[in-house]
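Engineer: Take a look at the following structure, please.
Coordinate-derived values only; no laboratory data. Keep in mind that this is a model prediction, so the values were computed, not measured. All Cβ positions, glycine included, derive from the backbone under ideal geometry; neighbour counts span all protein chains shown.
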Amino acid sequence: MKSNWMFIGFVLVVIFFLMFLEINPANAQTWYPTNQAKVGWDAVTKYSDGTTIPSEYKIMYRVYRVSASDTSKANPTEISVIDGTVYTFTFPTPGKYFVGVKSEVWQGETKLGESVIAWSDNPQYTSNSPFGIQYTLPPEAIKGMKPIQ
């Protein structure tokens, strides 16, 4: 009887561990090691309710980066406003980062609306493939090179 309880306890621990791996977003994403990352996304053509945005309106995108340690993303850095769907992010200091994009609909000089920021660590916005960027300084070059006889 004791071994049955041990087995059940073991199974519960394994289930809890697997649930933690599934829920924890830091474990469910790919980290790309670089100081520059070219990121692209699908063009926005619809409002949040699914209706088509009129062709005379312009879609603009605000791009952001945030430190991965800012888990609530309370202090993102706005980098640029662009009208295309590709942007090359450059990371200023070593660290782990997420990138984000907010879409905006404009009529002339008037902003009519904006989306939430779609962050790279959120599977909803990354075709279920969340990612982050990890920038690490390169090591110094070797010294003392000489021929060995």
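Engineer: Net charge near TRP106, counting Lys/Arg +1 and Asp/Glu -1 over other residues with Cβ under 14 Å of its Cβ? Mind dumping the intermediate values first?
Structural biologist: Values: positive: LYS58, ARG62, LYS102, LYS111; negative: GLU56, ASP83, GLU104, GLU109, GLU114.
Around TRP106, the surrounding residues sum to -1.
Engineer: Under unit Cβ charges (Lys, Arg +1; Asp, Glu -1), what dipole magnitude, rounded to 20 debye, does the range 30-135 have relative to its Cα centre?
Structural biologist: Roughly 280 debye for the range 30-135.
Engineer: Additional query: How about LYS111: which lysines have a C-alpha closer than 20 Å to its C-alpha, ignoring those fewer than 8 places off in the same chain?
Structural biologist: Reachable lysines: LYS46, LYS58, LYS102.
Engineer: While we're here: Give me LEU137, LEU112 sorted ascending by neighbouring Cβ count inside 10 Å, so fewest comes first. Could the numbers behind the result be given before it?
Structural biologist: Details: LEU137 8, LEU112 13.
Ordered by Cβ neighbours within 10 Å, fewest first: LEU137, LEU112.
Engineer: Looking at the range 85-127, which GluC sites (Glu not before Pro) are DSSP coil and have at most 13 other C-beta atoms within 10 Å of their C-beta?
Structural biologist: Here the sparse-neighbourhood loop sites are GLU109.
Engineer: Please list 3J(HN,Hα) in residue order for the range 49-55, calculated via the Karplus relation 6.51 cos²θ - 1.76 cosθ + 1.60 where θ = phi - 60°; whole Hz, with x for glycine and proline.
Structural biologist: With coefficients 6.51, -1.76 and 1.60, one gets 8, x, 6, 6, 6, x, 5 Hz.
Engineer: Can I ask one more? Which order do MET60, MET145 fall in if you start with the one that has the fewest other Cβ atoms within 10 Å? Can you show the working numbers first?
Structural biologist: On the way: MET60 16, MET145 6.
Lowest count first: MET145, MET60.
Engineer: On a straight-distance basis, which lysines could pair with LYS96 in a cross-link, Cα separation under 21 angstrom, same-chain partners fewer than 8 positions away excluded?
Structural biologist: Within reach: LYS38, LYS73.
Engineer: Taking the Cβ of each residue in ILE53, ILE117 as the centre, tally the other Cβ atoms inside 10 Å and list the residues starting with the fewest.
Structural biologist: Exposure proxy ranking, most exposed first: ILE53, ILE117.
Engineer: Between LYS146 and LYS111, what is the spin-label point distance in nm, taking each point 7 Å from the Cα along the Cα→C-beta axis?
Structural biologist: 6.3
Engineer: Can you pull the three principal axis extents for the Cα set of the range 30-135, in Å, largest first?
Structural biologist: 42, 27, 24
Engineer: Around THR30, what is the net charge, scoring Lys/Arg as +1 and Asp/Glu as -1 over all other residues with Cβ under 13 Å from its Cβ?
Structural biologist: So the surrounding residues net to 0.
Engineer: Between TYR32 and residues 5 or more places away or on another chain, which pairs have amide H atoms under 5 Å apart, with H built 1.01 Å from N, and which residues are they?
Structural biologist: Hits under the 5 Å cutoff: GLY132, ILE133, GLN134.
Engineer: Among the trypsin sites (Lys or Arg not before Pro) in the range 86-149, which ones are in a DSSP loop with at most 10 other Cβ atoms within 10 Å of the Cβ? Mind listing them?
Structural biologist: Numbers: sites: LYS96, LYS102, LYS111, LYS143; in loops: LYS143.
Those that pass, being in a loop and sparsely packed, are LYS143.
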